[in-house]
Amino acid sequence: MNLHRIYARLFAIWRAKRIAAFRERFRPTDETTILDVGGYADYWKPLLPIQPRVTLLNLDANVLRYPRPDYMTARVGDATD
């Protein structure tokens, strides 16, 4: 097993813990609106079946090209616009 695979597994565990803490603290619903500054759609997949309205704001223009569910929108910006 190479180092990148180890990191990928660890990050998946940490992400799941962060999402669990987010769900417990904020209790999002389908009516919740989330602004994710610097984020990507894959981060929010563990929230399923909940589908809050998520806006992804990122400096990386590739955020516009990555696949995302219909309940997510993506914008390019630096959060100061």
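Identify, please: which residue in segment 49-64 is in a loop (DSSP other than H, G, I, E, B) and closer than 27 Å to T80 by Cβ and is, among those, most open to solvent (accessible area, probe 1.4 Å)?
L59
For a quick check of your reading of the model, give me the residue pairs whose first member lies in segment 42-62 and is of a type in the set (A, V, I, L, M), whose second is in a helix (DSSP H, G or I) and open to solvent by 50 Å² or more (accessible area, probe 1.4 Å), with beta-carbon atoms closer than 8 Å and at least 6 apart or on different chains.
Qualifying pairs under 8 Å: L47/R23; I50/R23.
Restricting attention to segment 1-14, does a residue exist that is open to solvent by less than 90 Å² (accessible area, probe 1.4 Å) and either among the hydroxyl-bearing types (S, T, Y) or within 11 Å of the chain's Cα centre (by Cα) (or both)?
Within segment 1-14, not a single residue is open to solvent by less than 90 Å² (accessible area, probe 1.4 Å) and either among the hydroxyl-bearing types (S, T, Y) or within 11 Å of the chain's Cα centre (by Cα) (or both).
Is there a residue being open to solvent by less than 60 Å² (accessible area, probe 1.4 Å) and not in a helix (DSSP H, G or I) anywhere in segment 37-48?
The answer is yes, given that some residue of segment 37-48 is open to solvent by less than 60 Å² (accessible area, probe 1.4 Å) and not in a helix (DSSP H, G or I).
The values are calculated or read from the model by the stated rules, or taken from the named source; none is laboratory data. Fair warning: this is a prediction, and the values are worked out from it, not measured in the lab. Counting neighbours? That spans all protein chains shown, and the Cβs are built from the backbone with ideal geometry, glycine included. In case anyone asks, the SASA skips ligands and DNA or RNA and just uses the protein heavy atoms, side chains included. Shrake-Rupley method; radii C 1.70, N 1.55, O 1.52, S 1.80 Å.
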